[in-house]
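Only one structure is covered here, and it is reproduced in the block below.
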Amino acid sequence: MPLKKISTGESLPSIISRVVNDDYVLIDKSGEFSFDWTAESGNEVFKIYLKDKQENILGLLSLMDYPEEYRIHLNLIEVGKSNVGKKKTIDNIAGCLIAVACKIAFDRDYFGFVSLKPKTKLISLYQEVYGFRQYGRLLGIEGEGSNQLIKKYLQDEEE
Amino acid sequence: MKKSEKMYAKLSARLTDEEIVDGYLFNDDEVSAEEREVDHQEFLALRMKRLSEMTEGEKLFGRLMKLKYRMQDYFETKEFDPAYSFARLLKGYSSIINRSNKEFAKDLGLHHSKLSRLLNGKEKPNVELMYRLDKHSNGELPAHYWWRLYAKEFEHTIMNDQEKRAEESKRVSNALRTG
């Protein structure tokens, strides 16, 4: 399911697009994000926002492309403070961002392979929530697993 | 203390691990450069092994998903793009399934010369073909996707074919006078 308003369960139309230079000022000023996103500007950085609310960035994704290893690496994902923890009002933000990475990994002929290297303590949770599998110290998802994430987070049920 | 550990400590002061996973994903940088290289080499060996063991069916699935998601993204755009004409995408599909045009025509119950005309944009597709492509792709590229592709192209043709418009106008008499 795409972004969901927790109080009503309704789907919220959203847009995911590349972060442009002006966005970094907005990200910094918003007070919503704790990581230094300007440090990610050398990577492929994406933002997610509600349709018609472009100025209100809900979450950010930083990707690295490893063509020789046929994979997209999730370098950093951060959901804005307002939607993390018990007080959040919108659900599925991180899921949508991960699903976009899966889609890119299909588009670049990596068979949907997406990797990440989380803290050891959190590995089992990423596996449980998103279906990642272990590849040594890294986690990865591909093929049907990636496709399921795309279906779950990026597509309306009637599609 | 490394960056990831510092951030984790800061986050876990107010969030559970489940909430952290729901809102964040950051790289573990607690290991040394040497350990990182060992981790990478271990990963690389596993990744390459996996790639070498992929079945033709798994590779085909990956290529099919690429085509499917490109189609979906195209449906979100307003303009007709010749790179997404019915014929071009049919060609794209025929190349990813790795079968000769003769085999592909046989699969679809078509004469190979008809398939050739469709692939070259010399013949218009019909709804029957779209259902057959749906079945052939195991439902991954549904009939209505092929229809949407063609509808977008056809709309563009109708709007821009001035010659046909002029020709057909000549056959019309007593047109309504409005306004």
log₁₀ I(q)/I(0) of region A:4-154 at q = 0.09, 0.18, 0.19 Å⁻¹, via Debye over equal Cα point scatterers, no solvent, to two decimals? -0.27, -1.14, -1.26
Under the definition of partner shielding as Cβ atoms of other protein chains within 10 Å of a residue Cβ, what is the mean value for peptide A:72-81? 3
For each pair in B:Lys59/B:Lys114; A:Lys5/A:Lys86; B:Lys91/B:Lys124; A:Lys4/A:Lys87; B:Lys68/B:Lys91; A:Lys119/B:Lys6, compute the distance between the two Cα atoms and list the pairs where it is over 19 Å. B:Lys59/B:Lys114
In debye, nearest 20, what is the charge dipole magnitude of chain A about its Cα centre with +1 on Lys and Arg Cβ and -1 on Asp and Glu Cβ, if you could check? 700 debye
Estimate the FRET efficiency between B:Ser12 and A:Ser41 by the formula 1/(1 + (r/R0)^6), using the beta-carbon distance for r and 25 Å for R0, to the nearest 0.05. 0.35
Taking amide hydrogens as modeled 1.01 Å from N in the peptide plane, which residues meet the under 5 Å criterion relative to A:Leu76, leaving out close sequence neighbours? A:Ser62
Per the rule of 0.36 nm per residue minus the C-alpha distance, extending B:Ile96 to B:Asp81 adds in nm 3.3 nm
Run the numbers on chain A and let me know its relative contact order in percent, using alpha-carbon pairs under 8 Å that are six or more apart. 22 percent
5 angstrom amide H check on A:Val19, placed H, neighbours 5+ away: A:Val45, A:Phe46, A:Lys47
What FRET efficiency do you get for B:Lys122 and B:Glu56 if R0 is 35 Å and r is their Cβ-Cβ distance, rounded to the nearest 0.05? 0.65
Charged-residue dipole, Cβ positions (Lys, Arg, Asp, Glu), region B:56-165 about Cα centre, Debye nearest 20: 300 debye
Taking every residue in A:131-138, how many Cβ atoms of other protein chains lie within 10 Å of its Cβ, on average? 5
Using Cα-Cα distances under 8 Å and only pairs 6 or more residues apart, what relative contact order does region B:56-165 have, in percent? 29 percent
Could you work out the mean projected area of the convex hull around the alpha carbons of region B:1-105, in square nanometres to one decimal? 11.9 nm²
B:Trp146, A:Trp37 arranged by Cβ crowding within 10 Å, fewest neighbours leading: A:Trp37, B:Trp146
Summarise the partner chain shielding of A:117-129 as one whole number: the mean count of Cβ atoms from other chains within 10 Å of each residue's Cβ. 5
Using the Karplus curve 6.51 cos²θ - 1.76 cosθ + 1.60 with θ = phi - 60°, what ³J(HN,Hα) values do you get for each residue of region B:155-162, in whole Hz, with x for Gly and Pro? 4, 4, 5, 4, 6, 10, 7, 5
In nm, give the distance between the simple-model label positions of A:Glu144 and A:Ser30, each being 7 Å from the Cα along the Cα-to-Cβ direction. 3.6 nm
At 0.36 nm per residue, and after removing the present C-alpha to C-alpha distance, how many nm does the segment from B:Ala45 to B:Ser4 gain when stretched out fully? 12.2 nm
Point-to-point label distance, A:Val20-B:Tyr131, nm (Cα→Cβ direction, 7 Å offset): 4.7 nm
Show me B:14-22, B:44-52 ranked by packing, highest mean number of other Cβ atoms within 10 Å first. B:14-22, B:44-52
How would you rank B:35-41, B:150-156, highest first, on the average number of other Cβ atoms within 10 Å across their residues? B:150-156, B:35-41
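Since every read-out is calculated from the coordinates, none of them should be taken as a lab result. What you see is a predicted model, and the numbers here were worked out from it, not measured in a lab. Virtual Cβ from ideal backbone geometry, glycine too; neighbours counted across all protein chains shown.
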